[in-house]
1. Please report how far the C-alpha centroid of the range C:182-208 lies from that of the range A:53-82, rounded to the nearest whole angstrom.
2. Rounded to the nearest 0.05, what FRET efficiency do A:Glu118 and A:Arg139 have when you use their Cβ-Cβ distance and R0 = 35 Å?
3. Helix A:179-192 versus the longest principal axis of chain A: what angle, 0 to 90°, nearest 10, using Cα atoms?
4. Per-residue Cβ counts within 10 Å, from other chains only, averaged over C:173-180: what number is that?
5. Could you order peptides B:130-142, C:244-256 by the average number of other Cβ atoms within 10 Å of their residues, highest first?
6. Roughly how many Å is it from the Cα centre of the range B:54-111 to that of the range B:202-259, as a whole number?
7. May I ask you to derive the FRET efficiency for B:Ala180 and C:Leu55 from their Cβ-Cβ distance with R0 = 56 Å, giving the value to the nearest 0.05?
8. Check B:Ala57: other-chain or 5+ apart residues with amide H under 5 Å from its amide H, H built from backbone geometry?
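Quick note: the coordinates plus some simple rules give every number you see, no bench work behind them. Note that the structure is a prediction, hence the values are computed from the model and not measured. Don't worry about glycine lacking a Cβ; one is built from the backbone with ideal geometry, like all the others, and counts go over all protein chains shown.
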Amino acid sequence: MNRPVITVNGLNLWYGQTQALKNISLDIPEKSITALIGPSGCGKSTFLKTLNRMNDLVPGVRITGSVCYEGQDIFETNVNQLRKEVGMVFQKPNPFPMSIYNNIAYGPRTHGITNRQELDEIVEKALRGAAIWDEVKDRLKKNALGLSGGPQQRLCIARALAVQPKVLLMDEPTSALDPIATSRIEDLVMELKSQYTIVIVTHNMQQAVRISDQTAFFLLGDLVEYAETEKLFSQPGDKRTEEYITGRFG
Amino acid sequence: MKSKTNLFETIVHGIFLVLGLITVGCVLLITIYLIISGIPAIREIGLLDFLFGDTWASTAAQPQYGILPFILTSIYGTAGAILLGVPVGFLTAMYLAKMAPKRAKSVMEQAVSLLAGIPSVVYGLVGMMVLVPGIRSLFHIPDGAGLLAAIVVLAVMILPSIIKMSITALEAVPKEYEDASLALGATPEETYFRVSAPAAKSGIAAAVVLGVGRAIGEAMAVMMVAGNAANMPDSLFQSVRFLTTAVASEMSYSSGLQRQALFSIALVLFLFIMLINAALNFFLKGEKKP
Amino acid sequence: MISNRRRLFLWTVRGGMYLAAALTGILTLFLVGYVMAKGIPNITWQLISTKPSYLSGNIGILPDILNTLYVVIASLAIVLPLGVGAAVYLTEYASSKRLVGVIEYAAEALSGIPSIIYGLVGMLMFSNNFGTCLLSGALTLVIMNLPTIMRNTQESLKTVPQAYREGAFGLGAGKWRVVRTVVLPGCIDGVLTGCILSVGRILGESAALLFTAGFAHALNGFWDGLSSAGATLTVALYVYAKEQGEFGVAFAIAAILMVLSLLINLAAVLVTKYFQRRNAV
């Protein structure tokens, strides 16, 4: 395993009275793909959203335990800086209702880059990085909502890349897409691994097997098992993991 | 860096909080201004003499400040407008919500919006030029300006709000209710009047209350057709003053206790309106519940 | 099949509905037709391009037209930031449900207060400090129209997808940047609708202006106009009809107001349609 970028220790999370995460501890290694799997409502998305503090937006959330990014407690650092370093791609593609160019430039502009030439370079690099440059280079000024689902999601990945994050959190990024668009995103994610640390939530176990290096299995707020993907799927160490991956529940 | 952005965001948050509280501030200011300027005259005149005195003679040598004529006029006038306006408004709303062909409905809805947008002085002007002479010649009386003319003008003016709100309420009735009634062999008309209307009753009640609020608060149109003499509303043809017009007609030249008494009238009107608002809220909540 | 009693009920209510709907329709037609017929012949270039003069006996409504314009501009310029800001606070910032309830209740109370009371309070609050002038009138109208702008903006803020906000936060944008770049552009339709409704209300308002802005007919520029007393079209209509018995002029103004409210209704419909189509893409 590579050196850990994110270390989670004894993390508990409550939405009001309900505990959604129970005493979670795990390390996320650099430049690899970590898959989070489990039945819906198991806490995997909640966990993901804790890593860049998107849960802050939900009223009534209470968190204990520690999450460190590059050795720093994320609840102590500036949240906007954290989200710049730890980017996110959402379940449903959510481009802003602006031009493709402005969508990508949104992040860099947010963090203070205004030079036109510099922005042009960042936009091109991000779009190339997300393998969508050739498709959209002639219509950068067109509204991003005019793209179809697959390209929209790759646009959102490009938008996340444009702020040069170290970590990319992906929340079921292909669940709203057709199989062809899905496989293109998967290819892209595996390419991105060489430069970025990726944490991906998926409900699709084949996907986890196909792309991830290690897998964490969540159930009812507990982290049941966390191991290298190959090992977890071939010789699960826990009865519940075995039942889940063989399709007995979920 | 960290504390700087946080400070900035805190300031922005604070600004928006202030903007959000402006409405509350306005309501408080209006209430306080009305109470402070309305109380002195009531104190001097005496609450009972003020509210139940039947003579208003503010400019007489021995001034008298009884506003019972205005209160009764406002109540009768509003009741009359409701009596005329609600049946017409409700039936129109029923037709538009349930029976009307699509084209007719959209044309009529435009007409209703237009009616709602016409300034009250235009209503007043048409009332002055058409209604007042009409009443005079129809009933062979010396002057047509009076309670009846005011009632008719108010009835027309509250029509759009009653129609709009009733349509909203009627359209919100779940279609299942109506289907169930139709499936039992009831005709569409029976269904709409015996099932839909009762199901929409709090919305329709809210529409009526809204109409009451509009009617009791209208000043200019009424001023142009009601005659404006401070009489008791003994007959439909009596020249009368409403609470609103009592304030408006003397404000520009009043002074001293007379002026203060006008503010007291405004305070009474304000209390009426607050009661009506409370009733409106009650009915609107009732509509949301089921 | 159907008993006589049921048939009677059926025809009564059917007749009632047709009658009521016809009455409403005819009433609208009559009002528009009558005001137009009586007013349009009285609209002359002379009338709308000059100011009144007691010396020459001329009546012109140019000052009233300009005053109306000034009041509309001044009121909107002040009420827009306040109303939109309040709406942003309610949908984006407020965390206490109770406070939101209080603010919404206050807005409802404001929209229920009759304009004559606004006139009185405006007189006490503004005219006693700034004098009887268009600015005092405009400030009074600001309070009156605050709920309209707030409500409409709020409704359309609620339709801005949460995903946009999440997307922007996810890129590390701060709250204010998210509001400014992603949320506010999404509520232009509501702001516009609110503006149109407010303009309609301002054009039609008279009772609230009579004691705050006065009823002079002097010809002024924008800034001078704001600080001097002046009648808007509706107030002028009232004065000409009720105090001076100039019914021709009154009807001419009424016809102008009627055309304006027709245009405003049309604008509201068009804005709604335009944004519905745009949002459907």
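1. Answer, in whole Å: 40.
2. According to the calculation, E is roughly 0.95.
3. Here the helix axis deviates by roughly 90 degrees.
4. Mean shielding count: 6.
5. Values: B:130-142: 13.9, C:244-256: 21.8.
With the highest mean Cβ count within 10 Å placed first, the list reads C:244-256, B:130-142.
6. Here the two parts' Cα centres lie 11 Å apart.
7. With a Förster radius of 56 Å, E is 0.15.
8. Here the answer is B:Gln64, B:Tyr65, B:Gly66, since their amide H atoms fall under 5 Å of that of B:Ala57.
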